[in-house]
Amino acid sequence: MSQLNILITGANRGIGLQLAKQYAEQGAKVFAACREASEALISSKVTVISGIDVTDSNAAETLKNELGGSKIDILINNAGILTRENLESAPAADIQQQFNVNALAPLQLTLGLRSQFNDNAKVIMITSRMGSMSDNGSGGYYGYRMSKAALNAAGVSLACDLKPEGIAVALLHPGYVQTDMVNNTGDISATEAAERLRQRIAELNLENTGTFWHSNGEVLPW
């Protein structure tokens, strides 16, 4: 089997960092994109592409240049942000920023990198069950919930549109992970989340493309 080429955004810490490290340890060629590289990422056996703001209109072109002709087997759109809106405070600017990073950027990067996809490539959207309508029993987090619901919608459309090209798409919820985003209050470590996500990615194919999965294998409701 030939070496896999994997591009991961938001790879400087948390889940993205662990995915990069684990895939590299398995022998994949990992291109780790981030705004600013962490020491942990730099010391990993990956190709670091720093200075990448996923909301930049030139991000896809920059990444294609950095790939140096390498085709992509797995694209993992992992970069994301979270702010905490509620009834008392829901700044439009914060909500818009979450849309830009969490929903628009993954779609635009996927479209912009389409020419770099290998045969039978896979596109991964790291989403959240907080984007589920039927699973929302606590409210709040307006921008995050709205942006992840939008990401899910984009992912399903991409699954439909890319299927004829042999490209499968997954919407993956990592779980409640101990990362800086949630002040490290999660239920599982980033290491375990990455291990689970890699299992779901390995299981992804054209038969189950467009599925909204929990990293533990559970299919989540829309």
Q. With the dipole of the stretch 36-165 worked out from charges on the C-beta (+1 for Lys and Arg, -1 for Asp and Glu) around the Cα centre, which of Thr62, Gln116, Cys160 lies farthest toward the positive end?
A. Cys160
Q. For the chain, what does -39500 (n - 2.57) per DSSP helix run (n ≥ 4), summed and divided by total residues, give at 222 nm, in deg cm²/dmol to the nearest 500?
A. -10000 deg cm²/dmol
Q: Scan around Ile72 for amide H atoms under 5 Å from its own, H built in the peptide plane at 1.01 Å from N, and keep only partners 5 or more places away or cross-chain.
A: Phe117, Asn118
Q. Between Asp187 and Glu36, 0.36 nm times their residue separation minus their Cα-Cα distance comes to what?
A. 51.7 nm
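When Rg is the radius of gyration of the Cα atoms in the chain and Rh is its Kirkwood radius, what does Rg/Rh come to?
Rounded to two decimals, Rg/Rh equals 0.94.
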(Q) Could you give the length gained by full extension between Asn58 and Asp161, i.e. 0.36 nm per residue of separation minus their alpha carbon distance, to one decimal place? (A) 34.8 nm
Q | Label-to-label distance, nm, for residues given as Asp135 and Trp222 (7 Å Cα→Cβ offset) | A | 1.5 nm
**Q.** Bridge type composition, the chain - antiparallel percent by DSSP, nearest 5
**A.** 5 percent
**Q.** Neighbour net charge for Gly27 - beta-carbon separation under 15 angstrom, K R +1, D E -1
**A.** +2
Q. Which stretch or stretches of the stretch 1-20 have amide N atoms under 11 Å from the point lying 7 Å from Glu207's Cα along the Cα→Cβ direction?
A. none
Q: Using θ = phi - 60° and the Karplus relation 6.51 cos²θ - 1.76 cosθ + 1.60, list the HN-Hα couplings for the stretch 190-206 in order, rounded to whole Hz, with x at every Gly or Pro.
A: 4, 4, 5, 4, 5, 4, 5, 4, 5, 5, 5, 5, 5, 7, 5, 8, 6
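Any read-out appearing in this document is the output of simple, stated calculations on the displayed coordinates, not a laboratory observation. Given the structure is predicted, the values throughout are model-derived calculations rather than measurements. Positions of Cβ are backbone-derived with ideal geometry, glycine not excepted, and every protein chain shown enters the neighbour counts.
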